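Written out below as structure tokens is the structure these notes cover.
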Amino acid sequence: MSTRKAVVSGSFYPDKKEEILKFFEHFNSFTINAETFENIKAIIVPHAGYIYSGFTANLAYQLVSISKKDIKRVVVIGPSHR
């Protein structure tokens, strides 16, 4: 199996593992009031890069994680940037 080289490393996301881990540590340092989001039906998550939308994306996934809902369907829409 071959591994594709990261072509945007250092621009939309850090190019070093330690820097990426610092982003997630920072994102996860905020507490969420899950009671406000008890009836989550869907989430729309941005993917513009950690420095632009990483906090928001992480928050959305945290809310789903702590909601304890039985997720039945996941739809991923990934447009091409070409």
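Provide the per residue accessible area, probe 1.4 Å, for the chain, rounded to a whole number of square angstrom.
For the chain, the solvent-accessible area averages 91 Å² per residue.
Going by average Cβ density within 10 Å per residue, which order do the peptides 57-70, 35-48, 14-27 take, highest to lowest?
Listed from highest to lowest mean packing, they are 57-70, 14-27, 35-48.
For the pair Phe24 and Thr3, what calculated FRET efficiency results from E = 1/(1 + (r/R0)^6), where r is the Cβ-Cβ distance and R0 = 22 Å, to the nearest 0.05? Can you show the working numbers first?
Working: r = 22 Å, r/R0 = 0.99.
The formula returns an efficiency of 0.50 here.
Treating cross-link reach as a plain straight distance, find the lysines whose alpha-carbon is under 25 Å from the alpha-carbon of Lys69, omitting any fewer than eight places away in the same chain.
In chain and number order, the partners are Lys41.
Which percent of the accessible heavy-atom area of the chain goes to carbon and sulfur, probe 1.4 angstrom?
57
Full-extension gain between Phe37 and Leu63, please, as 0.36 nm times their residue separation minus the C-alpha to C-alpha distance.
Length difference between fully extended and current span is 8.6 nm.
The values are calculated or read from the model by the stated rules, or taken from the named source; none is laboratory data. Please read all numbers here as calculations on a predicted model, not as lab measurements. Virtual Cβ from ideal backbone geometry, glycine too; neighbours counted across all protein chains shown. Accessible surface is based on the protein model in full, side chains and every heavy atom, while ligands, DNA and RNA are left aside. Shrake-Rupley method; radii C 1.70, N 1.55, O 1.52, S 1.80 Å.
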